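To start, the structure under review is shown below, and the notes come after it.
The values are calculated or read from the model by the stated rules, or taken from the named source; none is laboratory data. Quick caveat: nothing in here was measured; it's all calculated off a predicted structure. Every residue, glycine among them, receives a Cβ derived from its backbone with ideal geometry; neighbour counts consider all protein chains shown. SASA here: full protein model, heavy atoms, side chains in, ligands and nucleic acids out. Shrake-Rupley method; radii C 1.70, N 1.55, O 1.52, S 1.80 Å.
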Amino acid sequence: MSDTYSPIPELNLLKEFDDQCADFYSPGFELREYNNDSSWLESENPEFDDRVIPFAKATTSGSFYALWRCDDRADLATLPVLFFGDEGDLYIAAHDLRDLFWDLLDEEFDGPPPTRRTYLDARQAYLTWLKRHFGPAYPTYDRSPMEEHGRRFADWLLSVGEEDAADVVTENLEPIRGAAERPL
């Protein structure tokens, strides 16, 4: 048995970094046991569970990130990243792990971000780590993750009998569709 965190080299790099941090480097983000905690998914649908790979908490309130095995590609780091909200939200959060890693730098709070020295140091160390392993700049994409993968994800959810989840994803697609239809 291997001591490796996951079969994904990019996640293993993050796990090595994470293990050395004295504080959070992104609000609410916390790596969890890779694809081995059945309490994350409340589904009793093996077709769904086989294609959704949980790997991190997204918030302190129970939301989490998972990879969606939308196909059988070998490079799991290029799979879309799902966000499962603790209040029932569900959407494609990132095009792939690299996109998510950069998104972790975004601080969205109800109030001001923490000012603890250990947090600020961890954030700076994370930025340095990110640039060293994944380049100096945020990756660019022609479309948002939901525009790119949302319709296909909703269709897949319907195909595996997850109608309620598909409805949530479809609702999250509506603002995108509406924005695209507005004249400039």
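Could you check the stretch 1-31 and list, in sequence order, the residues that are among the acidic types (D, E) and either open to solvent by 90 Å² or more (accessible area, probe 1.4 Å) or touching a His at 6+ places or on another chain (Cβ under 6 Å) (or both)?
D3, E16, D19
Consider only pairs whose beta carbons are under 6 Å apart and that are at least six residues apart or on different chains; among these, list those whose first residue lies in the stretch 140-164 and is open to solvent by 40 Å² or more (accessible area, probe 1.4 Å) and whose second residue is of a type outside the set (S, T, Y).
Y141/H95; E147/I176; L158/A166; E162/F48
Is it the case that T128 is β-branched (V, I, T) and at pLDDT 95 or above?
Values: β-branched (V, I, T): yes; at pLDDT 95 or above: yes.
So T128 fits the description; yes.
Could you please let me know if F109 is at pLDDT 90 or above, more than 20 Å from D18 (Cα to Cα) and of a type in the set (F, W, Y)?
no
Does D167 satisfy the criteria of being over 17 Å from Y25 (Cα atoms), open to solvent by 40 Å² or more (accessible area, probe 1.4 Å) and at pLDDT below 90?
No.
Filter the stretch 3-20 down to the residues that are assigned to a loop (DSSP other than H, G, I, E, B) and within 14 Å of P54 (Cα to Cα) and list them by number.
Y5, S6, P7, I8
Scan the stretch 71-85 for residues that are under 18 Å from F48 (Cα atoms) and surrounded by fewer than 15 Cβ atoms within 10 Å (Cβ to Cβ) and jot them down.
Those that are under 18 Å from F48 (Cα atoms) and surrounded by fewer than 15 Cβ atoms within 10 Å (Cβ to Cβ): D71, D72, R73.
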